[in-house]
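Notes for the one structure printed next.
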Amino acid sequence: AEVRLSRRRWVVLLLFSSYSLCNAFQWIQYGSINNVFVRFYEVSAFAIDWLSMSYMLTYIPLLFPVAWLLDKRGLRLIALAGSALNAVGAWVKLGSLKPHLFPITVLGQVICALAQVFILGMPSRIASVWFGSHEVSTACSIAVFGNQLGIAVGFLVPPVLIPNVEDVEKLAYHISIMYFMTAGVASALFILVIIVFQEKPPNPPSRAQALIQSRPPAEYSYVQSILRLLHNANFLLLMVSYGLNVGCFYALSTLLNRVVIQHYPGEEVNAGRIGLTIILSGMVGALISGIWLDRTKAYKQTTLAIYIMSLVGMIVYTFTLSLGHLWVVFITAGVLGFFMTGYLPLGFEFAAELTYPESEGTSSGLLNVSAQIFGIAFTISQGQIMDHFGTKAGNLFLCSFLFLGTVMTAFIKADLRRQQANLENEQT
(Lines give C-alpha, C1' and ligand atoms only; values in the text may rest on other atoms or scores of the structure.)
Protein backbone atom coordinates (compact mmCIF):
# COMPACT_ATOMS: atom_id res chain seq x y z
CA ALA A 1 0.00 0.00 0.00
CA GLU A 2 1.11 3.56 -0.70
CA VAL A 3 2.32 5.34 2.43
CA ARG A 4 0.77 8.81 2.76
CA LEU A 5 -0.13 11.12 5.65
CA SER A 6 -3.72 12.35 6.08
CA ARG A 7 -4.48 15.99 6.92
CA ARG A 8 -7.37 14.83 9.12
CA ARG A 9 -4.94 13.18 11.56
CA TRP A 10 -4.51 16.37 13.63
CA VAL A 11 -8.29 16.88 13.91
CA VAL A 12 -8.76 13.28 15.12
CA LEU A 13 -5.93 13.71 17.65
CA LEU A 14 -7.32 17.03 18.96
CA LEU A 15 -10.82 15.58 19.35
CA PHE A 16 -9.52 12.54 21.24
CA SER A 17 -7.43 14.79 23.51
CA SER A 18 -10.52 16.92 24.23
CA TYR A 19 -12.85 14.17 25.40
CA SER A 20 -9.95 12.55 27.27
CA LEU A 21 -9.49 15.94 29.01
CA CYS A 22 -13.16 16.00 30.04
CA ASN A 23 -12.97 12.47 31.46
CA ALA A 24 -9.77 13.18 33.42
CA PHE A 25 -11.36 16.34 34.88
CA GLN A 26 -14.17 14.20 36.28
CA TRP A 27 -11.63 11.84 37.85
CA ILE A 28 -9.95 14.47 40.04
CA GLN A 29 -12.79 17.00 40.55
CA TYR A 30 -13.64 15.49 43.96
CA GLY A 31 -10.09 14.91 45.20
CA SER A 32 -9.01 18.51 44.57
CA ILE A 33 -11.54 19.77 47.16
CA ASN A 34 -11.84 16.61 49.25
CA ASN A 35 -12.69 18.46 52.48
CA VAL A 36 -15.60 20.39 50.88
CA PHE A 37 -17.30 17.25 49.51
CA VAL A 38 -16.73 15.44 52.83
CA ARG A 39 -18.78 18.15 54.54
CA PHE A 40 -21.45 18.42 51.82
CA TYR A 41 -22.21 14.70 51.47
CA GLU A 42 -21.52 13.99 55.18
CA VAL A 43 -19.22 11.07 54.41
CA SER A 44 -15.61 10.22 55.34
CA ALA A 45 -12.53 11.45 53.47
CA PHE A 46 -11.87 7.80 52.54
CA ALA A 47 -15.29 7.63 50.80
CA ILE A 48 -14.37 10.68 48.68
CA ASP A 49 -10.98 9.09 47.91
CA TRP A 50 -12.88 6.10 46.53
CA LEU A 51 -14.57 8.35 43.96
CA SER A 52 -11.11 8.75 42.43
CA MET A 53 -10.08 5.15 43.05
CA SER A 54 -13.24 3.89 41.30
CA TYR A 55 -11.53 4.87 38.04
CA MET A 56 -8.62 2.59 38.90
CA LEU A 57 -10.76 -0.29 40.17
CA THR A 58 -13.12 -0.30 37.16
CA TYR A 59 -10.27 -0.38 34.66
CA ILE A 60 -8.69 -3.62 35.89
CA PRO A 61 -11.43 -6.19 35.00
CA LEU A 62 -12.63 -4.35 31.87
CA LEU A 63 -9.30 -3.81 30.12
CA PHE A 64 -9.27 -7.14 28.27
CA PRO A 65 -12.84 -6.98 26.88
CA VAL A 66 -12.28 -3.39 25.70
CA ALA A 67 -8.84 -4.16 24.20
CA TRP A 68 -10.41 -7.13 22.37
CA LEU A 69 -13.18 -4.82 21.10
CA LEU A 70 -10.55 -2.31 19.92
CA ASP A 71 -8.79 -5.01 17.91
CA LYS A 72 -12.00 -6.48 16.45
CA ARG A 73 -14.13 -3.36 15.84
CA GLY A 74 -11.55 -0.58 15.58
CA LEU A 75 -10.99 2.96 16.81
CA ARG A 76 -14.30 4.60 15.89
CA LEU A 77 -16.52 2.33 18.01
CA ILE A 78 -14.19 2.73 21.01
CA ALA A 79 -14.19 6.53 20.58
CA LEU A 80 -18.01 6.63 20.39
CA ALA A 81 -18.38 4.44 23.51
CA GLY A 82 -15.84 6.44 25.54
CA SER A 83 -17.28 9.86 24.71
CA ALA A 84 -20.90 8.66 25.18
CA LEU A 85 -20.28 7.13 28.63
CA ASN A 86 -18.38 10.26 29.66
CA ALA A 87 -21.42 12.44 28.81
CA VAL A 88 -23.92 10.08 30.49
CA GLY A 89 -21.88 9.98 33.72
CA ALA A 90 -21.71 13.79 33.80
CA TRP A 91 -25.51 14.11 33.48
CA VAL A 92 -26.16 11.45 36.17
CA LYS A 93 -24.14 13.51 38.69
CA LEU A 94 -26.67 16.34 38.31
CA GLY A 95 -29.11 14.12 40.22
CA SER A 96 -26.92 14.23 43.36
CA LEU A 97 -27.26 17.83 44.53
CA LYS A 98 -28.53 16.94 48.02
CA PRO A 99 -26.33 15.63 50.87
CA HIS A 100 -28.26 12.34 51.11
CA LEU A 101 -27.81 11.60 47.36
CA PHE A 102 -24.16 10.56 47.58
CA PRO A 103 -24.95 7.12 46.00
CA ILE A 104 -26.08 8.96 42.81
CA THR A 105 -22.69 10.69 42.65
CA VAL A 106 -21.02 7.30 43.03
CA LEU A 107 -23.13 5.93 40.14
CA GLY A 108 -22.22 8.88 37.89
CA GLN A 109 -18.53 8.50 38.76
CA VAL A 110 -18.59 4.76 37.99
CA ILE A 111 -20.10 5.49 34.54
CA CYS A 112 -17.29 8.00 33.94
CA ALA A 113 -14.84 5.34 35.13
CA LEU A 114 -16.27 2.98 32.48
CA ALA A 115 -15.63 5.69 29.88
CA GLN A 116 -12.00 5.87 31.00
CA VAL A 117 -11.51 2.20 30.04
CA PHE A 118 -12.29 3.22 26.43
CA ILE A 119 -9.84 6.16 26.62
CA LEU A 120 -6.63 5.30 28.48
CA GLY A 121 -5.25 2.72 26.04
CA MET A 122 -5.91 4.80 22.92
CA PRO A 123 -2.97 7.28 22.63
CA SER A 124 -0.35 4.93 21.18
CA ARG A 125 -2.96 3.24 18.93
CA ILE A 126 -4.15 6.57 17.46
CA ALA A 127 -0.52 7.65 17.00
CA SER A 128 0.38 4.44 15.13
CA VAL A 129 -2.75 4.28 12.94
CA TRP A 130 -2.79 7.97 11.93
CA PHE A 131 0.81 9.29 12.16
CA GLY A 132 4.10 8.73 10.34
CA SER A 133 7.19 7.14 11.89
CA HIS A 134 8.89 10.55 12.31
CA GLU A 135 5.99 12.03 14.36
CA VAL A 136 4.45 9.04 16.15
CA SER A 137 6.00 9.77 19.58
CA THR A 138 5.01 13.45 19.41
CA ALA A 139 1.43 12.43 18.51
CA CYS A 140 1.30 10.00 21.45
CA SER A 141 2.56 12.77 23.77
CA ILE A 142 -0.17 15.15 22.56
CA ALA A 143 -2.82 12.43 23.09
CA VAL A 144 -1.59 11.94 26.67
CA PHE A 145 -1.29 15.74 26.97
CA GLY A 146 -5.11 16.05 26.78
CA ASN A 147 -5.61 13.69 29.71
CA GLN A 148 -3.06 15.55 31.80
CA LEU A 149 -4.61 18.92 30.93
CA GLY A 150 -7.94 17.53 32.20
CA ILE A 151 -6.32 16.68 35.55
CA ALA A 152 -4.82 20.20 35.62
CA VAL A 153 -8.25 21.77 35.03
CA GLY A 154 -9.63 19.41 37.70
CA PHE A 155 -7.16 20.83 40.20
CA LEU A 156 -7.75 24.46 39.18
CA VAL A 157 -11.49 24.86 38.54
CA PRO A 158 -13.33 23.11 41.45
CA PRO A 159 -11.67 25.20 44.22
CA VAL A 160 -12.59 28.36 42.27
CA LEU A 161 -16.20 27.36 41.41
CA ILE A 162 -16.99 25.80 44.81
CA PRO A 163 -15.91 27.99 47.76
CA ASN A 164 -15.84 26.38 51.20
CA VAL A 165 -19.04 28.08 52.48
CA GLU A 166 -21.06 26.95 55.50
CA ASP A 167 -24.54 27.19 53.90
CA VAL A 168 -25.39 23.78 52.35
CA GLU A 169 -27.88 25.33 49.88
CA LYS A 170 -25.25 27.73 48.55
CA LEU A 171 -22.77 24.87 48.35
CA ALA A 172 -25.28 22.81 46.32
CA TYR A 173 -25.75 25.76 43.95
CA HIS A 174 -22.00 26.09 43.34
CA ILE A 175 -21.65 22.32 42.82
CA SER A 176 -24.54 22.37 40.30
CA ILE A 177 -22.70 24.97 38.20
CA MET A 178 -19.69 22.67 37.92
CA TYR A 179 -21.86 19.65 37.08
CA PHE A 180 -23.84 21.55 34.39
CA MET A 181 -20.68 22.90 32.72
CA THR A 182 -19.08 19.43 32.64
CA ALA A 183 -22.21 17.75 31.22
CA GLY A 184 -22.57 20.41 28.50
CA VAL A 185 -18.95 20.08 27.36
CA ALA A 186 -19.07 16.26 27.45
CA SER A 187 -22.26 16.20 25.33
CA ALA A 188 -20.82 18.60 22.72
CA LEU A 189 -17.69 16.46 22.40
CA PHE A 190 -19.78 13.30 21.92
CA ILE A 191 -21.64 14.96 19.02
CA LEU A 192 -18.32 16.00 17.45
CA VAL A 193 -17.00 12.42 17.72
CA ILE A 194 -20.09 11.16 15.85
CA ILE A 195 -19.52 13.70 13.05
CA VAL A 196 -15.72 13.84 12.76
CA PHE A 197 -13.98 10.72 14.13
CA GLN A 198 -12.94 8.19 11.45
CA GLU A 199 -11.68 4.61 11.77
CA LYS A 200 -8.38 5.12 9.93
CA PRO A 201 -6.87 7.27 7.13
CA PRO A 202 -7.27 6.25 3.46
CA ASN A 203 -3.57 5.27 3.27
CA PRO A 204 -1.26 3.82 5.95
CA PRO A 205 1.00 6.54 7.43
CA SER A 206 4.11 4.35 7.85
CA ARG A 207 5.74 1.15 6.54
CA ALA A 208 5.22 -0.57 9.89
CA GLN A 209 1.48 0.26 9.79
CA ALA A 210 1.20 -0.87 6.15
CA LEU A 211 2.62 -4.27 7.16
CA ILE A 212 0.04 -4.64 9.96
CA GLN A 213 -2.88 -3.62 7.70
CA SER A 214 -1.79 -6.07 4.99
CA ARG A 215 -1.87 -9.01 7.41
CA PRO A 216 -4.93 -11.29 6.95
CA PRO A 217 -7.34 -11.10 9.94
CA ALA A 218 -7.18 -14.89 10.39
CA GLU A 219 -3.51 -14.60 11.32
CA TYR A 220 -4.26 -12.49 14.41
CA SER A 221 -5.24 -14.11 17.72
CA TYR A 222 -6.01 -11.82 20.67
CA VAL A 223 -5.30 -14.49 23.32
CA GLN A 224 -2.02 -15.44 21.63
CA SER A 225 -1.08 -11.76 21.49
CA ILE A 226 -1.50 -11.39 25.27
CA LEU A 227 0.46 -14.60 25.89
CA ARG A 228 3.31 -13.33 23.69
CA LEU A 229 3.35 -10.05 25.65
CA LEU A 230 3.46 -11.91 28.96
CA HIS A 231 6.45 -13.95 27.72
CA ASN A 232 8.34 -10.79 26.71
CA ALA A 233 10.75 -10.21 29.63
CA ASN A 234 11.57 -6.62 28.64
CA PHE A 235 7.88 -5.72 28.40
CA LEU A 236 7.16 -7.31 31.80
CA LEU A 237 9.90 -5.22 33.42
CA LEU A 238 8.47 -2.10 31.78
CA MET A 239 4.92 -3.02 32.83
CA VAL A 240 5.83 -3.28 36.53
CA SER A 241 8.13 -0.22 36.55
CA TYR A 242 5.49 1.84 34.68
CA GLY A 243 2.86 0.75 37.23
CA LEU A 244 5.08 1.79 40.14
CA ASN A 245 5.72 5.27 38.69
CA VAL A 246 2.17 6.05 37.57
CA GLY A 247 0.69 4.43 40.70
CA CYS A 248 2.75 6.90 42.77
CA PHE A 249 1.41 9.73 40.61
CA TYR A 250 -2.21 8.58 41.16
CA ALA A 251 -1.71 8.43 44.95
CA LEU A 252 0.03 11.82 44.96
CA SER A 253 -2.83 13.43 42.97
CA THR A 254 -5.67 11.82 44.95
CA LEU A 255 -4.24 12.74 48.38
CA LEU A 256 -2.74 16.13 47.47
CA ASN A 257 -5.56 18.18 49.03
CA ARG A 258 -5.25 16.29 52.33
CA VAL A 259 -1.45 16.64 52.37
CA VAL A 260 -1.41 20.39 51.67
CA ILE A 261 -4.29 21.20 54.06
CA GLN A 262 -2.47 19.31 56.83
CA HIS A 263 0.61 21.57 56.49
CA TYR A 264 -1.16 24.75 55.33
CA PRO A 265 -4.70 24.90 56.82
CA GLY A 266 -7.31 26.85 54.84
CA GLU A 267 -5.28 26.77 51.62
CA GLU A 268 -7.75 24.74 49.48
CA VAL A 269 -7.31 27.04 46.46
CA ASN A 270 -3.51 26.86 46.66
CA ALA A 271 -3.70 23.07 47.04
CA GLY A 272 -5.51 23.04 43.68
CA ARG A 273 -2.90 25.38 42.21
CA ILE A 274 -0.09 23.10 43.38
CA GLY A 275 -1.84 20.22 41.62
CA LEU A 276 -2.17 22.42 38.55
CA THR A 277 1.56 23.20 38.69
CA ILE A 278 2.40 19.47 38.86
CA ILE A 279 0.31 18.72 35.77
CA LEU A 280 1.25 21.76 33.66
CA SER A 281 4.97 21.19 34.17
CA GLY A 282 4.38 17.48 33.45
CA MET A 283 2.62 18.34 30.18
CA VAL A 284 5.68 20.33 29.12
CA GLY A 285 7.85 17.37 30.11
CA ALA A 286 5.65 14.95 28.13
CA LEU A 287 5.75 17.12 25.01
CA ILE A 288 9.53 17.61 25.20
CA SER A 289 10.14 13.89 25.75
CA GLY A 290 7.90 13.00 22.77
CA ILE A 291 9.75 15.37 20.42
CA TRP A 292 13.09 14.14 21.81
CA LEU A 293 12.15 10.48 21.13
CA ASP A 294 11.13 11.23 17.54
CA ARG A 295 14.53 12.84 16.92
CA THR A 296 16.83 10.45 18.81
CA LYS A 297 14.94 7.13 19.17
CA ALA A 298 16.83 6.79 22.51
CA TYR A 299 13.93 5.06 24.30
CA LYS A 300 15.85 3.21 27.03
CA GLN A 301 18.20 6.06 27.95
CA THR A 302 15.40 8.68 28.04
CA THR A 303 13.06 6.47 30.08
CA LEU A 304 15.76 5.69 32.65
CA ALA A 305 16.84 9.34 32.96
CA ILE A 306 13.25 10.52 33.48
CA TYR A 307 12.67 7.77 36.08
CA ILE A 308 15.77 8.73 38.07
CA MET A 309 14.72 12.39 38.06
CA SER A 310 11.20 11.40 39.22
CA LEU A 311 12.78 9.70 42.24
CA VAL A 312 15.00 12.71 42.99
CA GLY A 313 12.02 15.06 42.58
CA MET A 314 9.90 13.01 44.98
CA ILE A 315 12.64 13.01 47.63
CA VAL A 316 13.12 16.80 47.38
CA TYR A 317 9.33 17.38 47.50
CA THR A 318 9.04 15.16 50.60
CA PHE A 319 11.63 17.03 52.62
CA THR A 320 10.59 20.58 51.61
CA LEU A 321 6.84 20.14 52.22
CA SER A 322 7.03 21.00 55.92
CA LEU A 323 9.29 24.08 55.66
CA GLY A 324 6.30 26.44 55.99
CA HIS A 325 6.81 28.24 52.66
CA LEU A 326 4.14 27.59 50.02
CA TRP A 327 6.32 29.00 47.21
CA VAL A 328 8.90 26.27 47.91
CA VAL A 329 6.18 23.62 47.58
CA PHE A 330 5.10 25.11 44.24
CA ILE A 331 8.68 24.87 42.89
CA THR A 332 9.43 21.34 44.14
CA ALA A 333 6.01 20.05 43.06
CA GLY A 334 6.55 21.59 39.60
CA VAL A 335 9.93 19.87 39.20
CA LEU A 336 8.43 16.56 40.36
CA GLY A 337 5.53 16.90 37.92
CA PHE A 338 7.85 17.70 34.98
CA PHE A 339 9.50 14.29 35.27
CA MET A 340 6.80 12.08 36.81
CA THR A 341 4.00 13.15 34.43
CA GLY A 342 6.45 13.49 31.56
CA TYR A 343 7.11 9.75 31.94
CA LEU A 344 3.57 8.73 30.85
CA PRO A 345 3.91 8.87 27.03
CA LEU A 346 7.43 7.44 27.26
CA GLY A 347 6.04 4.24 28.74
CA PHE A 348 3.41 3.86 25.99
CA GLU A 349 5.89 4.43 23.17
CA PHE A 350 8.63 2.25 24.68
CA ALA A 351 6.05 -0.55 25.06
CA ALA A 352 4.96 -0.16 21.41
CA GLU A 353 8.60 -0.52 20.35
CA LEU A 354 9.30 -3.54 22.56
CA THR A 355 6.14 -5.41 21.50
CA TYR A 356 5.72 -4.64 17.75
CA PRO A 357 3.76 -6.01 15.83
CA GLU A 358 1.35 -6.64 18.72
CA SER A 359 -1.58 -4.26 19.11
CA GLU A 360 -0.68 -0.97 20.82
CA GLY A 361 -4.08 -1.05 22.54
CA THR A 362 -3.19 -4.32 24.28
CA SER A 363 0.31 -3.27 25.40
CA SER A 364 -0.93 0.15 26.60
CA GLY A 365 -3.84 -1.54 28.36
CA LEU A 366 -1.55 -3.87 30.30
CA LEU A 367 0.60 -0.90 31.35
CA ASN A 368 -2.53 0.87 32.57
CA VAL A 369 -3.77 -2.18 34.50
CA SER A 370 -0.43 -2.27 36.30
CA ALA A 371 -0.78 1.47 37.05
CA GLN A 372 -4.36 1.09 38.37
CA ILE A 373 -3.44 -1.83 40.66
CA PHE A 374 -0.47 0.03 42.14
CA GLY A 375 -2.52 3.26 42.22
CA ILE A 376 -5.20 1.70 44.43
CA ALA A 377 -2.64 0.00 46.69
CA PHE A 378 -0.52 3.16 47.06
CA THR A 379 -3.50 5.49 47.63
CA ILE A 380 -4.96 3.32 50.40
CA SER A 381 -1.56 2.57 51.97
CA GLN A 382 -0.28 6.16 51.84
CA GLY A 383 -3.60 7.42 53.27
CA GLN A 384 -3.31 5.01 56.22
CA ILE A 385 0.38 5.82 56.78
CA MET A 386 -0.40 9.56 56.76
CA ASP A 387 -3.19 9.08 59.31
CA HIS A 388 -0.90 7.17 61.70
CA PHE A 389 2.62 8.47 61.03
CA GLY A 390 2.30 11.77 59.14
CA THR A 391 2.76 12.99 55.59
CA LYS A 392 6.55 12.58 55.48
CA ALA A 393 6.29 8.85 56.19
CA GLY A 394 3.60 8.55 53.51
CA ASN A 395 5.77 10.26 50.89
CA LEU A 396 8.86 8.21 51.84
CA PHE A 397 6.72 5.13 51.25
CA LEU A 398 6.26 6.28 47.64
CA CYS A 399 9.98 7.12 47.30
CA SER A 400 10.93 3.53 48.13
CA PHE A 401 8.82 2.18 45.26
CA LEU A 402 10.15 4.77 42.82
CA PHE A 403 13.65 3.54 43.70
CA LEU A 404 12.58 -0.05 42.96
CA GLY A 405 11.11 1.06 39.62
CA THR A 406 14.36 2.85 38.70
CA VAL A 407 16.36 -0.34 39.28
CA MET A 408 13.92 -2.38 37.17
CA THR A 409 14.06 0.15 34.31
CA ALA A 410 17.86 -0.17 34.23
CA PHE A 411 17.49 -3.88 33.39
CA ILE A 412 15.22 -3.35 30.33
CA LYS A 413 16.97 -4.07 27.01
CA ALA A 414 16.25 -1.62 24.16
CA ASP A 415 14.81 -4.13 21.67
CA LEU A 416 13.27 -1.54 19.29
CA ARG A 417 11.26 -3.81 16.98
CA ARG A 418 9.05 -1.15 15.38
CA GLN A 419 12.05 0.96 14.37
CA GLN A 420 13.71 -2.14 12.95
CA ALA A 421 10.61 -2.94 10.86
CA ASN A 422 10.57 0.61 9.42
CA LEU A 423 14.30 0.43 8.57
CA GLU A 424 14.04 -3.00 6.92
CA ASN A 425 11.06 -1.92 4.78
CA GLU A 426 12.80 1.28 3.68
CA GLN A 427 15.85 -0.78 2.62
CA THR A 428 13.62 -3.28 0.79
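The values are calculated or read from the model by the stated rules, or taken from the named source; none is laboratory data. From a predicted model like this one, the values you see are computed outputs, not experimental measurements. Every residue, glycine as well, gets a Cβ built from its backbone with ideal geometry; the counts of neighbours run over all protein chains shown. When the accessible area is computed, the model is the full protein with side chains, heavy atoms only, and any ligands, DNA or RNA have been set aside. Shrake-Rupley method; radii C 1.70, N 1.55, O 1.52, S 1.80 Å.
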Do any helices (runs of 4 or more DSSP H) entirely within the range 348-427 hold 2 or more residues that are of a type in the set (S, T, N, Q) and closer than 28 Å to I315 by Cβ, and if so, which?
360-389, 391-410
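Which of the following residues is modelled with pLDDT under 80 and assigned to a helix (DSSP H, G or I): S253, S241, S225, S281? Full working, then the answer.
On the way: S253 fails: modelled with pLDDT under 80; S241 fails: modelled with pLDDT under 80; S281 fails: modelled with pLDDT under 80.
The match here is S225.
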Restrict the check to the range 204-218 and report whether at least one residue is touching a helix residue (DSSP H, G or I) at 6+ places or on another chain (Cβ under 8 Å), at pLDDT 85 or above and closer than 24 Å to S133 by Cβ.
no
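Go over the candidates N270, N245, N234 one by one and state the one that is in contact (Cβ under 8 Å) with a residue 24 or more places away in the chain and touching a Pro at 6+ places or on another chain (Cβ under 9 Å).
On the way: N245 fails: touching a Pro at 6+ places or on another chain (Cβ under 9 Å); N234 fails: touching a Pro at 6+ places or on another chain (Cβ under 9 Å).
Step by step, each of N270, N245, N234 is checked, and only N270 is in contact (Cβ under 8 Å) with a residue 24 or more places away in the chain and touching a Pro at 6+ places or on another chain (Cβ under 9 Å).
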When you look at S128, is it surrounded by 24 or more Cβ atoms within 10 Å (Cβ to Cβ) and touching a helix residue (DSSP H, G or I) at 6+ places or on another chain (Cβ under 9 Å), yes or no?
yes
The range 157-180 - residue that is open to solvent by 70 Å² or more (accessible area, probe 1.4 Å) and in a helix (DSSP H, G or I) and, of those, farthest from A333 (Cα to Cα)
E169
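Condition check ((1) free of Cβ contacts under 8 Å to residues at least 40 places away in the same chain; (2) under 21 Å from I308 (Cα atoms)) across all residues:
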site: T332; (1), (2): yes, yes
site: G347; (1), (2): no, yes
site: S363; (1), (2): no, no
site: D387; (1), (2): yes, no
site: T391; (1), (2): no, no
site: G405; (1), (2): no, yes
site: A410; (1), (2): no, yes
site: R417; (1), (2): no, no
site: L423; (1), (2): yes, no
